[in-house]
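Undergrad: Please find one structure pasted underneath; my questions will follow.
The values are calculated or read from the model by the stated rules, or taken from the named source; none is laboratory data. This is a predicted model, so every value here is computed, not measured. In this analysis, Cβ positions are derived from the backbone assuming ideal geometry, glycine residues included, and neighbour counts consider all displayed protein chains. Only protein heavy atoms, including side chains, enter the accessible area calculation; ligands, DNA and RNA are left aside. Shrake-Rupley method; radii C 1.70, N 1.55, O 1.52, S 1.80 Å.
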Amino acid sequence: MKKWLFFLSFSLCLMLAKSNAQPWMQAPYLQKSKQSADFYDIRNSFNAWWGNRPYVRGKGYKPFKRWEYVMTPKVYPTGQLPAPDKYRKEYLKFMENYSKSGIQTKAGGSWTPLGLTSWQLGYSGYNPGNGRLNAITVDVSDRNRIYVAAPSGGIWISNNGGLNWNTYYDEMPTLGTSAVAIHPNNHNTIFIGTGDRDAWDTKGTGLYKSTDGGLTWNTTGLSFAPDYMNVNKILINPINPNTMFAATSDGVYKSINGGNTWQLSYNQSEVKDLKYRPNDTSVLYGSGSYFIRSTDAGNNFTRNTTDLPNDTARLEFDVTIANPMYIYVVSSRPDNTFGAVYRSTDGGLSFTQRANSPNILGYAEDGSDGSGQAWYDLAIAVAPNNANEVFVGGINVWKSIDGGASFTVNTMWYTGSPYTYIHCDIHSLNFYGDSLYAGSDGGIFLTGDHGTSWSDLSAGLGISQFYRMGSSENAPDLIAAGAQDIGSNLYRNGNWWHVYGADGMEAIVDYQDSNVIFTSSQMGGIVKSEDGGVNFMDARPNDSISGGWVTPYVMDAIDHLTLFAGYKDVYKTTDGAYVWQNISTNLTGGSNLDALSVAASNNNYIYASSSNTLYYSANGGTTWDSIVPDGNQYINYIDVDPLNPLRVWLATSSWYGDKIFYSHDGAHSFTDISSNLTDLGVNCIAYQKNAHDALYVGTEVGIFYRDSTMALWVPFMTNLPNVPVRELEINYATNRIRAATYGRGIWEAPLNSYAAISEGALHDAVEVFPNPATDELTINISLKTLSSVSITIFDVTGRMVRNIEPGTVLTNRRTVDVHGLSQGSYFVRIKSGDDTVVRKINIIR
């Protein structure tokens, strides 16, 4: 069987509107200023820059396509980029109107996480991990306390050196974070910076502060709405903690009152990092577009424009207490490959070049390739006890023991090499004593012996960015799912297996034979396994075909050997993806298809979309018609009534707002059923059969529900983090609905109709207190009769941490010992007979 083991994983996204590093964002390609350029200007400039070149890895093509995929529906048709807080504001407006409406209907049960939080390596996988991290901060007063910042998964905390992780951050306005700083005199006071520093996956809304170890968060004086910036680094003066700095995409801000108010002290370029000279708080250094330096405690900064290059994609630097006058800078070329490592021995007054080869920012273990993506992944760290020991992170980690004059590769981006595996794309390298921490697209890694060996500390981090998923009612506990950076993964009997590389996209589990699994990678790279995900073979219609970033394909509900796939045309196979034929000709005029659905009750009815146009066939693709339900709306997702092929629902979005459309006549006409559901960033929709036309809609800010008994949409997101939902899938075998989220993994909940049964009399009768709790938790059930009660406590990753066996109830009040649980958020599941209730609690220490 043919195995495709080394599809390259590019875990990149680019919010280009404020990028300064990309060549297509500059003249002569960009014909407007960056400030006035819209989405279409940027796309045209990229196409002009790329031209007709074939794809070359590590040059920016796939990062751009990822950004293009995310933004295209949201800016349609104006091209104007949405404000960073648009969807959050719309959510708050929705909830305000919802509360005023007087709706008493309770929608749905509680959502619980399924992961991915840890993984086992499958035979065909090569880039396993948990997901991307931007920053790692260790509490110097307690080295066991570690904070990590994820670009779309929030702030996570470990109190035991990375053995376990938890988060309180689920309900923040944005889960995108890039910086953590701990108050030097009080480790319960923490500052975090929002936004995605390296790829603009999420947009920053400012800097937040916690005074209770991360349990609750409050805004500070640094807020970016309605414009936005990313907070890339937070620096606190260790002698006078009221003096603080924030390195941002617009420069450096300074506060002298603990973050209450801020002044811009440098505004000439983006600053990625900021550090004090060791033992001297009057001197600061920064890097990003340039290397900058201040000798007056950060009131003013000057740029180095003489002996460091100024035409780079990015600069990064580090200092060392081993010699406070030493500064190391790693630079990149404009094409994002390795430029050089420079060293200053006079505190940044001058620099000399140490090495400019081989290409230590690429993929090859000897540095012989021409790849590099320094705009996205670049880091450097100098050992605190040896000023000549330097580590540089790009795609891999490289090490020097001669002050940067020469480097040897230290880690490798794929499993099975002679070198230690660390997931590619290094975003941070930080020494704490002899411990060097690396944050990458796969999680957090640690070496305590200066790179001789590395440990993966990521288990328990639920930060995966899933695009799509698939499951089967014949094997309801099996899920195949595709995620950014960490490829395709299988959830089987409570465990996750990494089974295929590249960026994972749509996945299917055969409903007749669960050993047959389809996964896919970016641009339509469909592969098939016939042995439960061990081996994979190419299953594309042909070797040269290419589709959209997330190429749609579906399995026929009548014949499991029949599949349909949407590229620029619709393709069909009747032998399990060995032979395909196109069943449309020039359907879209050359554009890729975005969505595809085939009626479960009659596979002659096929629906596909590209941009604002829906294409439909009632005769298996022999002939096609088209309709534009709304010229200003981009069609993101299509669902069809499994019992009636004429009933169709569309989830659409645009710069103007979002809509849900319904057709009762096979797409000949559509009705807008959006009602009170608008402008929430609609991504997907799922229809539930035999349940009063129940509909579930996944958005940028959660999930919403409506059925034919209701006039308005209602929230359906109890316990669900504030995270984009990319796909919803119903499994009738378990009466549950699952959500693939982009930043917090996969979650599941009872279907709304089933939740009304499973959370019956028990729902309003359960009281869990105190919340937050420290040592004991009391559960009170105000029902006169109960058969038996079981209590299970599990953390935010789905891992069970307490289990109280069912027993005869002598009293309706129970006390549960929780003193051994780490600080963080947990779920308590109470079950009595057929009734189940889930409550979310916080444990504090």
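Undergrad: Could you grab the relative contact order for segment 416-495? Cα pairs under 8 Å, six or more apart, rounded to a whole percent.
TA: Reported as a whole number, the value is 17 percent.
Undergrad: Continuing with the same structure: Which whole-angstrom value gives the distance between the alpha carbon centres of segment 527-591 and segment 685-714?
TA: 30
Undergrad: I've got another one for you. How much length is gained if the chain between S601 and S544 is pulled fully straight, taking 0.36 nm per residue apart and subtracting their Cα-Cα distance, in nm to one decimal?
TA: Gain in length upon complete extension: 17.2 nm.
Undergrad: Compute, for the chain, the length of the dipole vector about the Cα centre, with Cβ point charges of +1 (Lys, Arg) and -1 (Asp, Glu) only. Units Debye, rounded to 20.
TA: It works out to roughly 1100 debye.
Undergrad: Quickly work out the Y732-to-I558 label distance, labels modelled 7 Å from Cα along the C-beta direction, and quote it in nm with one decimal.
TA: Label at I558, label at Y732, 1.7 nm between them.
Undergrad: Given contacts defined as C-alpha pairs under 8 Å and at least six residues apart, what's the relative contact order of the chain, whole-number percent?
TA: 11
Undergrad: Of the accessible area of the chain, with the probe set at 1.4 angstrom, what percent is carbon plus sulfur?
TA: 46
Undergrad: Could you sort 254-263, 656-665 so that the peptide with the highest average Cβ count within 10 Å comes first and the rest follow in order?
TA: 656-665, 254-263
Undergrad: Additional query: Taking a ≥ b ≥ c as the square roots of the Cα gyration tensor eigenvalues, with a/c under 1.5 meaning rounded and otherwise prolate when a/b beats b/c, else oblate, which class fits segment 219-362?
TA: Oblate is the answer for segment 219-362, as a/c is 1.5 or above yet b/c matches or exceeds a/b.
Undergrad: A further question on this structure: What distance in nm separates the simple spin-label points at I239 and A27, each placed 7 Å from Cα in the Cβ direction?
TA: 4.6
Undergrad: Right, something else. How large is ³J(HN,Hα), in whole Hz, for each residue of segment 363-371 in order, when computed from phi with the Karplus curve 6.51 cos²θ - 1.76 cosθ + 1.60 and θ = phi - 60°, using x for Gly and Pro?
TA: 8, 6, 5, 9, x, 8, 8, x, 8
Undergrad: With the other protein chains left in place, how much accessible area per residue, in square angstrom, belongs to segment 262-409 at a 1.4 angstrom probe?
TA: With all protein chains present, segment 262-409 gives 33 Å² per residue.
Undergrad: With each pseudo-label sitting 7 Å past Cα toward Cβ, what's the R303-S708 distance in nm, one decimal?
TA: 6.5
Undergrad: Same structure, new question: Subtract the Cα-Cα distance of Q120 and H692 from 0.36 nm times their separation in residues, and report this length gain in nm to one decimal.
TA: 201.8 nm
Undergrad: To continue, here is another question. If each residue of separation counts as 0.36 nm, what is the full-extension length gain between N386 and R845 once their alpha-carbon separation is subtracted?
TA: Length difference between fully extended and current span is 161.5 nm.
Undergrad: Past 21 Å, Cα to Cα: identify those pairs from K32/K568; K65/K93; K93/K659; K62/K272; K209/K233, in the order given.
TA: K32/K568; K65/K93; K62/K272, as the Cα separations exceed 21 Å there.
Undergrad: Let me ask you something else. Using per-residue counts of other Cβ atoms within 10 Å, averaged over each peptide, order 612-624, 526-538 from highest down.
TA: The peptides rank, most packed first, as 526-538, 612-624.
Undergrad: May I pose another question? Ordered by packing density, taken as the mean number of other Cβ atoms within 10 Å over each peptide's residues, highest first, how do 320-327, 723-730, 591-598, 774-781 rank?
TA: 723-730, 591-598, 320-327, 774-781
Undergrad: Rounded to the nearest 20 debye, what is the charge dipole size of segment 273-379 about its Cα centre when +1 sits on each Lys and Arg Cβ and -1 on each Asp and Glu Cβ?
TA: 320
Undergrad: What is the angle, in °, between the Cα long axis of helix 61-75 and the longest principal axis of the Cα atoms in the chain? Nearest 10 is fine, range 0 to 90.
TA: 60
Undergrad: May I ask for the net charge around I422, where only other residues with Cβ less than 12 Å from the Cβ of I422 are counted and Lys, Arg are +1 while Asp, Glu are -1?
TA: Counting the neighbours of I422, the net charge comes to -4.
Undergrad: Please get the size of the charge dipole for segment 577-713, origin at its Cα centre, with Cβ charges of +1 on Lys and Arg and -1 on Asp and Glu, quoted in debye to the nearest 20.
TA: With only Lys, Arg, Asp and Glu charged at Cβ, the dipole is about 220 debye.
Undergrad: Quick check: the angle from helix 39-50's long axis to the longest principal axis of the chain, C-alpha only, nearest 10 degrees?
TA: So the inclination is approximately 70 degrees.
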